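The values are calculated or read from the model by the stated rules, or taken from the named source; none is laboratory data. Not measured: the values here are computed from a predicted model. Every residue, glycine among them, receives a Cβ derived from its backbone with ideal geometry; neighbour counts consider all protein chains shown. When the accessible area is computed, the model is the full protein with side chains, heavy atoms only, and any ligands, DNA or RNA have been set aside. Shrake-Rupley method; radii C 1.70, N 1.55, O 1.52, S 1.80 Å.
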Amino acid sequence: KNLLCLAAGGGRQSSLYSAAGANVTVVDLSGAMLELDRQVAAQRGYSLRLFEASMEDLPMLQDGEFDIVIHPVSTCYVPDVAPVFAEVARVTRPGGIYISQHKQPTSLQSSIDPNREGYLIEHAYYRASPIPAPHSNSKSSRRLRESGAVEFLHRWEQLIGGICRSGFVIEDLSEPMHAKSDAARGTFSDRAKFVPPYVRIKARKQGAGKADPSLWVPQ
């Protein structure tokens, strides 16, 4: 299968999919992250295509080129997800699948650290401006928010509705489990008991052609 790792530089995912037999292309805005993919692939004898570009604009990729698009958490760094989903739809063949992960809106709204009452909703849901940088420098903060990065909240209608409006049908949705019942108060795993940090979405591109059952990804 032809597989696109979108905004997935860093050397972790591309070689795993290469090992599984995919023809892998990686697009990332960071040349340093792509260099890690290059190094890991060279060490293991894999061949990758690497492009330094924004996920919002992929002119180097052909229409319907990919059977699978894997897209880890990164849409929070763009102000508008619609151009991203439009480009993913353009480069995915009919019947192909799109697996994406996003920061849940409530997680970006909520405080990083608890007060005596718990974790608080600090930021408005309906907004066009970025989420303010957190005041905290705790381990939980460093895991939840990248230092110095500008992040945007995307509403559920923009995430789920945006994927559907771009030409996909949602087939599954999961919330990766990071909560731990015995987690110390204020840690990442404690916060995740009350505020789930991420959502993972599986969608299939609509259009001519029969869906390929082999493209189903095990849960």
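So the values come out like this:
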{"read-out": "Qualifying residue in region 99-112 (condition: assigned to a loop (DSSP other than H, G, I, E, B) and over 14 Å from Leu159 (Cβ atoms))", "value": "yes"}
{"read-out": "Scan of region 131-163 for residues that are surrounded by 13 or more Cβ atoms within 10 Å (Cβ to Cβ) and without any contact (Cβ under 8 Å) to a residue 24 or more places away in the chain, ordered by number", "value": "Ile131, Ala133, Pro134, Arg142, Gly161"}
{"read-out": "Residue ID - farthest from Gly64 (Cα to Cα), chosen from residues in region 179-203 that are within 16 Å of the chain's Cα centre (by Cα) and not aromatic (Phe, Trp, Tyr)", "value": "Pro196"}
{"read-out": "Which numbered condition Arg12 misses (of (1) open to solvent by 10 Å² or more (accessible area, probe 1.4 Å); (2) in contact with a His (Cβ under 7 Å, 6 or more places away or on another chain))", "value": "(2)"}
{"read-out": "Test set (1) acidic (Asp, Glu); (2) modelled with pLDDT of 95 or more; (3) open to solvent by less than 70 Å² (accessible area, probe 1.4 Å); (4) farther than 25 Å from Pro59 by Cα - Glu87 fails condition number", "value": "(4)"}
{"read-out": "Residue within region 169-191 that is on the phi > 0 side of the Ramachandran plot and either surrounded by 15 or more Cβ atoms within 10 Å (Cβ to Cβ) or not polar (S, T, N, Q) (or both) present", "value": "yes"}
